[in-house]
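Trainee: Okay, handing you the structure first.
The values are calculated or read from the model by the stated rules, or taken from the named source; none is laboratory data. Worth saying up front: this structure is predicted, and the values here are computed from it rather than measured. Methodologically, a virtual Cβ is constructed for each residue, glycine included, from the backbone with ideal geometry; neighbour enumeration extends over all protein chains shown. Note: areas computed on protein heavy atoms with side chains; ligands, DNA, RNA excluded. Shrake-Rupley method; radii C 1.70, N 1.55, O 1.52, S 1.80 Å.
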Amino acid sequence: SSSSQSTKSPSSGWSERVVVSEEEWKSHVLSPDPSLLSPHDLLLFHASHIVHEIRTKIKDDLGYTCSAGIAPNKMLAKIIASKNKPNGQTVLPMRGVEEYMGQVAITKIKNLGGILGRRLVSDGFSSASLLQQVSKKELVRRYGDKGEWLFLICRGIDRSPVKEKGEAKSIMAAKALAREATTIDDLRPVLLLLAHDLITRTSSHSLSYSTYPSSLTVVYTKKAEGKGAKRKSRSVSGPMDKGKSPFSSPSSSSSSSSSSSPRAGE
């Protein structure tokens with residue numbers, strides 16, 4: 001059994017239909033008019049049932065809740081997946097894509113969280129809706145070979161394929177410190193946490209792929225001090241043998257790895 005309720009925002013004309021199942025799992029449909037759906041959109045709703053089953057299985061077997069996004073491409077799915085955290089799923093039909101993208105901050109779009117995204121913001125394009133007002137020709141003039149991609153991505157068009165995730169080539173555990181560490185005592189609790197995380201993940205990986213890490217790399221980065229200063233990083237690597245420390249001999253300054261065995265680093 002389920003019940004549905006539609007709400008409408010007077011400012012944008014958007015409506016959001018909320019469907020609550022008897023397990024109280026919410027599925028939010030984002031569209032200017034959720035009643036007008038294309039055959040492609042119907043496929044998305046079939047997908048939403050599969051996603052619901054996956055989330056239910058995760059909750060029943062592991063005790064974890066999770067959110068999910070169902071959309072025409074993986075870029076959109078990632079953006080809307082966080083909309084109804086921690087225990088909801090969101091569907092974005094085709095007819096709602098361009099209008100919804102108009103609300104998205106530029107830096108929230110994949111590959112625009114770094115240098116190019118900051119440049120767009122400094123140029124006055126803080127949201128996708130502002131970028132949508134610029135012609136493809138002008139974007140190419142300003143941003144070169146990225147211009148055509150920007151023209152498409154701000155409208156929610158992403159043609160990159162969905163690829164099955166294969167065996168990891170490296171496994172990493174990292175943590176940003178709340179304050180600068182000046183002694184080994186400052187680092188010891190953090191290193192223990194990282195080591196535990198790394199051991200857990202490499203053990204799971206070994207069970208899945210029957211491989212074992214061939215080297216260990218430890219990296220420490222010191223924050224920049226003063227205007228214009230750059231962060232300083234130091235690292236040390238060593239080969240890994242089962243039951244032995246990778247840093248127990250002088251030769252540990254070099255690392256060895258093979259394509260069949262992932263690198264483990266922290």
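Trainee: Quick one: which of 85, 57, 110, 136 is at negative phi and in contact (Cβ under 8 Å) with a residue 24 or more places away in the chain?
Mentor: 110
Trainee: Just give me the residues in the stretch 171-204 being in contact with a Phe, Trp or Tyr (Cβ under 9 Å, 6 or more places away or on another chain) and in contact (Cβ under 8 Å) with a residue 24 or more places away in the chain, in sequence order.
Mentor: 202
Trainee: For the stretch 81-115, how many residues are under 19 Å from residue 150 (Cα atoms) and either among the β-branched types (Val, Ile, Thr) or out of contact with any Asp or Glu (no Cβ under 9 Å at 6 or more places or on another chain) (or both)?
Mentor: Summing the residues that are under 19 Å from residue 150 (Cα atoms) and either among the β-branched types (Val, Ile, Thr) or out of contact with any Asp or Glu (no Cβ under 9 Å at 6 or more places or on another chain) (or both) in the stretch 81-115 gives 18.
Trainee: Now, a different point. Name the helices (runs of 4 or more DSSP H) wholly within the stretch 42-150 that hold at least 3 residues that are of a type in the set (A, V, I, L, M, F, W, C)?
Mentor: The helices (runs of 4 or more DSSP H) meeting that bar are 74-81, 115-122, 128-132.
Trainee: If we keep just the residues of the stretch 147-163 that are of a type outside the set (Gly, Ala, Ser) and surrounded by 15 or more Cβ atoms within 10 Å (Cβ to Cβ), which is farthest from residue 104 (Cα to Cα)?
Mentor: 149
Trainee: Now, a different point. Can you tell me how many residues in the stretch 183-221 are in contact with a Ser or Thr (Cβ under 7 Å, 6 or more places away or on another chain), closer than 18 Å to residue 241 by Cα and open to solvent by 40 Å² or more (accessible area, probe 1.4 Å)?
Mentor: Total satisfying the criteria: 2.
Trainee: Would you please list the contacts, defined by Cβ atoms under 7 Å and residues six or more apart or on different chains, that run from a residue in the stretch 219-233 that is at pLDDT below 75 to a residue that is among the polar types (S, T, N, Q) and open to solvent by less than 80 Å² (accessible area, probe 1.4 Å)?
Mentor: Correct list of pairs: 231/221.
Trainee: Across the stretch 167-181, which residue is least open to solvent (accessible area, probe 1.4 Å) among those that are over 19 Å from residue 223 (Cβ atoms) and assigned to a loop (DSSP other than H, G, I, E, B)?
Mentor: 173
Residues are listed down the side, and each one gets a yes or a no for (1) touching a Gly at 6+ places or on another chain (Cβ under 7 Å); (2) under 25 Å from residue 42 (Cβ atoms); (3) open to solvent by less than 60 Å² (accessible area, probe 1.4 Å):
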position: 81; (1), (2), (3): yes, yes, yes
position: 101; (1), (2), (3): yes, yes, yes
position: 110; (1), (2), (3): no, no, no
position: 116; (1), (2), (3): no, no, yes
position: 129; (1), (2), (3): yes, no, yes
position: 134; (1), (2), (3): no, no, yes
position: 138; (1), (2), (3): no, no, yes
position: 165; (1), (2), (3): no, no, no
